[in-house]
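The values are calculated or read from the model by the stated rules, or taken from the named source; none is laboratory data. Given the structure is predicted, the values throughout are model-derived calculations rather than measurements. A quick note on method: Cβ atoms are made from the backbone with ideal geometry, for glycine too, and the neighbour counts reach across all protein chains shown.
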């Protein structure tokens with residue numbers, strides 16, 4: 001591991017580390033909302049006919065991958081989330097630019 005979360009890299013479970021943050025000691029499934037947003041965003045994007053609307057809903061779906069990586073509470077999840085933000089930004093800017101040119 002990269003050492004960002006030393007407790008996790010030494011083999012401790014993330015839900016045990018984060019348990020004090022939740023009343024009652026139970027850790028909710030924080031990834032459930034991210035997984036739902038990935039699925040719903042993708043389904044709504046596929047149903048749109050307008051290219052810019054499709055790209056916008058696709059962005060919601062893709063940024064849910066970032067949230068999912070962050071809630072994994074691991075070093076590699078954090079690195080993957082950060083890299084996905086950078087790559088998604090450049091890719092989506094290019095797609096929006098191309099979609100605007102195609103409308104001219």
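Structure notes:
- Residue 34 part of a helix (DSSP H, G or I), under 29 Å from residue 99 (Cβ atoms) and modelled with pLDDT under 90: yes
- Taking each residue of the range 78-102 that is on the phi > 0 side of the Ramachandran plot and part of a helix (DSSP H, G or I) and looking for partners that are modelled with pLDDT of 90 or more and surrounded by 15 or more Cβ atoms within 10 Å (Cβ to Cβ) with beta-carbon atoms closer than 7 Å, six or more apart or interchain, yields nothing.
- Check on residue 49, over 18 Å from the mean Cα position of the chain (by Cα) and at pLDDT 85 or above: yes
- Positions within the range 37-75 being surrounded by fewer than 16 Cβ atoms within 10 Å (Cβ to Cβ) and outside any helix (DSSP H, G or I), in sequence order: 48, 49, 50
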